[in-house]
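One structure is given here, and the rest of the page talks about it.
Each reported figure results from applying straightforward, stated rules to the coordinates on display, with no laboratory input. Just so you know, these numbers come straight off a predicted model, no measurement behind them. Cβ sites come from the backbone with ideal geometry, for glycine too, and all protein chains shown count toward neighbours.
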There are 2 protein chains.
Amino acid sequence: MNPTQVVLTTYDWVPDMPRGYVRDIRIRWLLEEIGRPYRVETVPLREKTATHFARQPFGQVPMIQDGDLSLFESGAILLHLARGTDLLPSGDDGARVAQWVIAALNSIESFLIPWAVAKFFDQNQAAAARQEELLRPRLSQLQDVLQDRDWLVGDRFTVADLLMAEILRIPAEAGLLDDLPRLAGYLERATSRPAFTKALADHMAHWQAADQTQSAPA
Amino acid sequence: MNPTQVVLTTYDWVPDMPRGYVRDIRIRWLLEEIGRPYRVETVPLREKTATHFARQPFGQVPMIQDGDLSLFESGAILLHLARGTDLLPSGDDGARVAQWVIAALNSIESFLIPWAVAKFFDQNQAAAARQEELLRPRLSQLQDVLQDRDWLVGDRFTVADLLMAEILRIPAEAGLLDDLPRLAGYLERATSRPAFTKALADHMAHWQAADQTQSAPA
């Protein structure tokens, strides 16, 4: 039996700034890696609906529908879709992959978000500098993990690398990996995969198409 | 074959403030729920060792050793230990439990930490008030999920409820659940379980014993 087509839900439109980084990109990347067919549906960004909150209690994206299963939280979606594929081994290595999926979210991204909010949204440079002091050691500690290996678990790319690399794109853009060459190389190794290139192109095409049908707020 | 004894690693000593909340409590609670024997080992809080960083790249606790497997990240440890027990169903409900484990960390606790840091550590009441504005809607949205049910997934307590309830203890102590009676009831339902009572008593006894053998910093 062919697996059912996955339905990936993202926003109907977003401003320029988050384009390239809305978290549906993570799910698109994985779906390309595993060759799973999917289609995209949307929920309004600007007037969030009760239907949206019924599926995602915090009113965020992405969500997926996979057969009878509706899921939110990008990390949980990735673990679910990767199960049974080469991107999520079984046994102890599977536990290690789950550990690094959660570490990417909790030990790296949770430090990244307050930094990005201060720097890019609030444009409060003092607050951004303080948050950067908390973030930089984390990035350096992560590079230490990758000192003698190419990928986080075992000797191959897993869903943990997919998520970690996706999360590292923003600090890399901001120059925070400039003095961390091993970590920058890891990011380059992951994002040079054809599945990422395809996913990013489709993600950007989605917003470009949205510009044709949605009107930007005044 | 009996399962191997789990080794749970926490700090050798902590000040009064985090006692009751150091994240080994989560793992102790789960181990009591599933009746899995364990013993506690420690790493120094005040002079973190290379051995510690080799097992936990960010120098935190808890960690576990389960046979050949060394794991960190409390969420990943919980998912690993719960696998195959009543606290983590298989199939679609298992994916939903993983979703709520990650949501507890990423959609609730990630808002809680900056609030707690501002309020209790920095004692910066203006910053705490700003963070509270971000946190309160999350708690209210979580209560909405529990409006018509006792537990997050299906009709029984799972590892997702264990983690979510453990995370809610601090905002409850601070009064943030006073106007959220369904959520307060959920927390009470979870933490009145005998396994939590036992885990908390053992956790507190660990710090009391530490006071006998460790000297507090000047």
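Summary for A:Q208: label point 7 Å along Cα→Cβ; distances to the equivalent points in the other copies, ascending, 6.7 nm. With neighbour counts taken as other beta-carbon atoms within 10 Å, the residues A:M17, A:M63, A:M164 rank, fewest first, as A:M17, A:M63, A:M164. Our coupling estimate for segment A:129-137, obtained by passing each phi through the Karplus curve with A = 6.51, B = -1.76, C = 1.60 and θ = phi - 60°, is 5, 4, 5, 5, 4, 7, 6, 4, x Hz, Gly and Pro reported as x.
Across chain A, Cα pairs under 8 Å and at least six residues apart give a relative contact order of 24 percent. Projected onto their three principal axes, the Cα atoms of chain A cover extents of 50, 45, 29 Å, largest first.
Magnitude of the charge dipole for the protein assembly as shown, about its Cα centre and with charges confined to Cβ atoms of Lys, Arg (+1) and Asp, Glu (-1), is about 20 debye. Across the identical copies, the 7 Å label point of A:D178, projected outward along Cα→Cβ, sits 4.9 nm from its counterparts, in ascending order. Modelled label positions at B:A201 and B:S140, each set 7 Å beyond Cα in the direction of Cβ, lie 4.0 nm from each other. Normalised by the number of residues in segment A:91-193, the mean separation of alpha-carbon contacts (under 8 Å, six or more apart) gives a relative contact order of 29 percent.
A simple rule links phi to the HN-Hα coupling: the Karplus curve 6.51 cos²θ - 1.76 cosθ + 1.60 with θ = phi - 60°, which for segment A:89-102 gives x, 8, x, 4, 5, x, 5, 5, 5, 4, 4, 6, 4, 5 Hz, with x for Gly and Pro.
If R0 is 60 Å, the Cβ-Cβ spacing of B:D211 and A:D150 corresponds to a FRET efficiency of close to 0.85. Given B:A205, B:W29, B:A82, which one lies farthest toward the positive end of the charge dipole of chain B, if we put +1 on the Cβ of every Lys and Arg and -1 on the Cβ of every Asp and Glu? Of the candidates, B:A205 comes out farthest on the positive side. Over segment B:22-99, Cα pairs under 8 Å with separation of 6+ residues give a relative contact order of 27 percent.
Here the scattering of segment B:91-193 is modelled by Debye summation over its C-alpha atoms, one equal scatterer each and no solvent; at q = 0.19, 0.20 Å⁻¹ the log10 of I(q)/I(0) is -0.90, -0.99. Legend: ranking of residues B:S70, A:S90, A:S140 from fewest to most surrounding C-beta atoms inside 10 Å; resulting order A:S90, A:S140, B:S70. Annotation: amide H of A:M63 within the under-5 Å range of A:T9, sequence separation 5 or more or interchain, hydrogens built in the peptide plane. Closest approach to the axis carrying B onto A, counted by Cβ on chain B and given in whole Å with its residue, is B:S110, 2. Based on alpha-carbon centroids, what's the gap between segment A:151-216 and segment A:52-127 in Å, whole number please? Segment A:151-216 and segment A:52-127 have Cα centres separated by 14 Å. The simple spin-label model puts a point 7 Å past each Cα toward its Cβ; for A:K48 and B:F121 those points are separated by 2.7 nm. Ordering A:A165, A:Q143, A:L105 by Cα displacement along the dipole of segment A:76-218 toward the positive end leaves A:L105 in first place; charges were set at the Cβ atoms of Lys, Arg (+1) and Asp, Glu (-1). Each Lys and Arg Cβ is given +1 and each Asp and Glu Cβ -1; about its Cα centre, chain B then shows a dipole of about 220 debye. Close amide H partners of B:W13, meaning residues 5 or more places away or on another chain with modelled amide H under 5 Å apart, are B:L45.
In sequence order, segment A:54-59 has phi-based couplings of 5, 9, 9, x, 9, x Hz under the Karplus curve 6.51 cos²θ - 1.76 cosθ + 1.60, θ = phi - 60°, and Gly or Pro positions carry x.
Note on A:T4, B:T213: ascending count of other Cβ atoms within 10 Å places them as B:T213, A:T4, the fewest first.
So how far apart, in nm, are the two label points at A:A129 and A:R19 if each is 7 Å from Cα heading toward Cβ? In this crude label model, A:A129 to A:R19 measures out at 3.3 nm.
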